[in-house]
Amino acid sequence: METYRPRRTCLAVPGSSPRFIAKARGLPADELFLDLEDAVAPAAKDEARSAVVAALNSGGWAGKDVAVRVNDATTRWAYRDVAEVVGGAGRHLAAIVLPKVTDPRQIAWLDLTLGQIERDAGAAVGRIAIDAQIEDAAGLAAVEAIAAASPRLRALVFGPADFMASVGMRPLAAHAQSPGYSGADAFHYPLMRILVAARAHGLAAIDGPYLVIGDLDGLARSASAAAALGYDGKWVVHPGQIATVNEAFTPDQESYERAELVLDACEYYARVEGRGAATLGGEMIDEASRKLALVTAVQGRAAGLRRGRSFQPGS
Ligand code: GLV
Ligand code: MG
């Protein structure tokens, strides 16, 4: 928790668009990734790869968490994506995003390949992380093994568009609820399963994109649902989505204040009065409450929230 880094928004930027890449440098997303996969047409893959290497090397990324999404491990492009991007600009990269992961061996392949390139460059082996996208039935079925496949893994990422296609979900657009399905959230099962696998292995859990760019209410609902479930953040596919998603993954002032009070109260009752359980504002608090409060407090501090109230014993 001490090293908590917010991952509320992860902006997807097509690797084939120098204009979008240039603009992305100044946007307030917590992370961004340059895409060589589905946002780049097959005929433009080679050109996009070179453009991404050039963009990474041209600077302006200091303080930004930058990743590149390569093509999936079953494609003919994947090995060159990794070799050229990491070989040519690896020092600017925090992570490689590997899409459509269906088998832990694909993570093992990427881990070994990254290690070879890092050794060749005389760089620290293991610095470049892996974010694995779980976005089809096979990937979801193997998610536990995938989450355990490499110490480089830092996040599991849900891919709603590919997932909907894979299971035959009747769509409107990615992450909008399926028409005709009522009374439940059509994405609860994959989201929860990915979240549990991620947490069981100490990884972040990131929700995928909401593709109806003009529908900020739908985006806010989708982001708030993922945040409430426990997700760390969500992909955004347009600069206009960043503020809504940052807000959804930042605790509100009241919850933040309460979390700080719970932390102070737990500390006071344990240290001064030697009690594990106590009450605060009529609610029982104990060690589990402290852990819950810590999550909210750390997120609020990282977002720059400030507390206005201090703890009074007996309150
Ligand atoms: C993202 O890659 C998705 O398939 O939704
Ligand atoms: Mg996808």
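The values are calculated or read from the model by the stated rules, or taken from the named source; none is laboratory data. Just so it is clear, the structure is predicted and the values come from calculations on it, not from any experiment. Heads up, the Cβs are rebuilt from the backbone with ideal geometry, glycines too, and the neighbour counts pull from every protein chain shown. The accessibility values were calculated without ligands, DNA or RNA, using every heavy atom of the protein model including side chains. Shrake-Rupley method; radii C 1.70, N 1.55, O 1.52, S 1.80 Å.
Assorted remarks:
- Selected residue (criterion: nearest to ligand 1 (Cβ to nearest atom)) from residues of the range 23-48 that are buried (at least 18 other Cβ atoms within 10 Å of the Cβ) and more than 14 Å from VAL97 (Cα to Cα): VAL40
- Any hit, the range 187-202, residues being buried (at least 19 other Cβ atoms within 10 Å of the Cβ) and at pLDDT below 95: yes
- When the range 296-315 is filtered for residues that are open to solvent by 60 Å² or more (accessible area, probe 1.4 Å) and outside any loop (DSSP other than H, G, I, E, B), only ARG301 remains.
- Strands (runs of 3 or more DSSP E) wholly inside the range 163-281 that include at least 2 residues being at negative phi and within 16 Å of ligand 1 (Cβ to nearest atom): 204-207, 233-236
- Members of the range 37-64 found to be in a loop (DSSP other than H, G, I, E, B) and within 12 Å of PRO14 (Cα to Cα), listed by number: GLU37, ASP38, ALA39, VAL40, ALA41
- Of all the residues in the range 131-154, those that are within 13 Å of ILE107 (Cα to Cα) and either within 16 Å of ligand 2 (Cβ to nearest atom) or touching a residue at least 60 places away in the same chain (Cβ under 8 Å) (or both) number 7.
- For the range 150-162, filtered to residues that are more than 16 Å from ligand 1 (Cβ to nearest atom) and in contact with a Leu (Cβ under 9 Å, 6 or more places away or on another chain), the residue that is most open to solvent (accessible area, probe 1.4 Å) is ARG154.
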